[in-house]
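Data block below; observations after.
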Amino acid sequence: MSTTLTTQTRTTEPTDSTETVQLVNGLSCSVPTDSPLAKLLASQRTWVGPDAKARLKILRQAKSIAIVGASPNPARSSYFVGTYLQQSSDYRIYFVNPNADTILGQKAYPNLASLPEVPDIVDVFRRGSDIPAVIDDVLAVGSPVVWIQLGIWNQAAAEYGESQGLTVVMDRCIKVEHARFHGGLHLLGFDTGQITARKTIR
């Protein structure tokens, strides 16, 4: 019989360096922090972000989006997402890349602080290990939402961002979410999130 494990309360003891694991049956046990079990628990995804209705509300309320890690390379996913947002939305789009002058015909900015306005959403294309620094930048400029793109996961950073008052969306593509809510993916068989197919959600 297998026992399912949930989020653990982590403690560090100088003598044996263990962490306390909370089991679903209410019991707890200590395991060495460098053990395979501890590593498995650390890799488990227990954080849950905004649900579909909340994500739709985020996209409806936003007027501007900054893409951090935007690339001028057409082969990169950030380029594809930027193209979609330019052509298929009314958002004011800003590209953030300190190594580029222009992206998709627009000025590229070196950082969030240099943008002409505080973006409503900061869409992030960076490695998972870079996310904590990006969240600090988002907090510094005062953006309310950080949207971390599909395939990028840093649970500790998401939890930290939420603790500081940020709305965090993680491991989701903003292009896919926008398209499905606006009926753009129905031909591919995706659930568009609409109650009726007669009218596009605006």
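Just to make sure I understand: if all protein chains stay in place, what is the order of W47, W147 by accessible area at 1.4 Å, largest first?
Values: W47 30, W147 0 Å².
Result of the area sort, largest leading: W47, W147.
Take the Cβ-Cβ distance between R76 and T33 as r, set R0 to 35 Å, and report the resulting FRET efficiency rounded to the nearest 0.05.
Numbers: r = 37 Å, r/R0 = 1.05.
Once rounded, the FRET efficiency stands at 0.40.
Would the range 117-172 count as rounded, prolate or oblate if I go by the C-alpha gyration tensor, calling it rounded below 1.5 in a/c and otherwise prolate when a/b exceeds b/c, oblate otherwise? Mind dumping the intermediate values first?
On the way: a/c = 1.61, a/b = 1.33, b/c = 1.21.
Prolate is the answer for the range 117-172, as a/c is 1.5 or above and a/b outweighs b/c.
Between S114 and T83, how high is the FRET efficiency from 1/(1 + (r/R0)^6) when r is the Cβ-Cβ distance and R₀ = 35 Å? Nearest 0.05. Could the numbers behind the result be given before it?
On the way: r = 23 Å, r/R0 = 0.65.
Rounded to the nearest 0.05, the efficiency is 0.95.
Just read off the accessible area of R45 with the full protein assembly in place, 1.4 Å probe, to the nearest 10 Å².
My reading of the accessible area for R45 is about 130 Å².
Residues of the range 52-85 with backbone nitrogen within less than 16 Å of a virtual label 7 Å along the Cα-to-Cβ line of V141, please, listed as ranges.
Only 62-71, 82 fall inside the zone, counting backbone N under 16 Å.
Pull out the extension gain between R127 and Q106, defined as 0.36 nm times the separation in residues minus the alpha carbon to alpha carbon distance; nm, one decimal.
Values: separation 21, 0.36 × 21 = 7.56 nm, distance 2.40 nm.
Here the segment from R127 to Q106 would lengthen by 5.2 nm.
Please give the per residue accessible area of the range 75-147, computed with a probe of 1.4 Å over protein heavy atoms only, in Å². Each step should come with its number before you reach the end.
Values: 3650 Å² over 73 residues.
Per residue, the range 75-147 has an accessible area of 50 Å².
The values are calculated or read from the model by the stated rules, or taken from the named source; none is laboratory data. All values reported here derive from a predicted model rather than from experimental measurement. Cβ: placed from backbone, ideal geometry, glycine included. Neighbour counts: every protein chain shown. Surface accessibility is based on the protein's heavy atoms, side chains included, excluding ligands, DNA and RNA. Shrake-Rupley method; radii C 1.70, N 1.55, O 1.52, S 1.80 Å.
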